[in-house]
Amino acid sequence: MTRIRAVVACLLCAACVLVAYAQSGIAGTWQGETGNGRKVVLDLTVKGQQLTGTFTLGQQTVDIADGKVDGKAFSCKVTLEGRSPTVSGELVGEQVKLTVEGVRDPLMLTRAK
């Protein structure tokens, strides 16, 4: 009976770790470049369905606002260069596909090492 309890406890712990990993898969630092070569860095923290962090474009870093997470997708607002576009992203394999309101082409960001 003790062995069964130990196995059940191990399985529950493993399930909790998998759930936490799935919810925080987008957490971390992501980087890439715009079409004209400007460096983009997202530093994201996930707590439940709340997203916080910073957005860097070139040399300017700003806090993100109104960040929300829904599975592998997220959205937030950034105020940068006099604009406040909505930024949305989705975890696609090992990359984040980032879409910025008013920008035609999405950016593909990779996890910083």
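Which FRET efficiency value, to the nearest 0.05, is calculated for Lys113 and Asp66 with the Förster distance at 30 angstrom and r the Cβ-Cβ distance?
Efficiency for this residue pair is about 0.55.
What are the ³J(HN,Hα) couplings of the range 87-104, residue after residue, when phi is run through the Karplus curve with 6.51, -1.76, 1.60 and θ = phi - 60°? Round to Hz, x for glycine and proline.
10, 10, x, 8, 6, 10, x, 9, 10, 10, 8, 10, 10, 10, 3, x, 10, 5
Please compute the net charge surrounding Thr29, taking Lys and Arg as +1 and Asp and Glu as -1 over other residues with Cβ under 10 Å from its Cβ.
+1
What are the ³J(HN,Hα) values, in whole Hz, obtained from phi via the Karplus relation 6.51 cos²θ - 1.76 cosθ + 1.60 with θ = phi - 60°, for each residue of the range 64-69 in sequence order, with x given for Gly and Pro?
8, 10, 6, x, 9, 10
Rounded to whole Hz and in sequence order, give me ³J(HN,Hα) for the range 38-47 from the Karplus expression 6.51 cos²θ - 1.76 cosθ + 1.60, θ = phi - 60°, writing x for Gly and Pro.
Result, rounded to whole Hz: 7, 6, 10, 9, 10, 10, 10, 10, 10, 10.
Show the residues, 5+ positions off or on another chain, whose built amide H is closer than 5 Å to the amide H of Leu51.
Gly67, Lys68, Val69
Computed from the coordinates by the stated procedures, all read-outs in this text should not be read as laboratory data. On a predicted model such as this, the values are computed, not experimentally measured, just so you know. Reconstructed Cβ throughout: ideal geometry from the backbone, glycine too, with neighbour counts over all protein chains shown.
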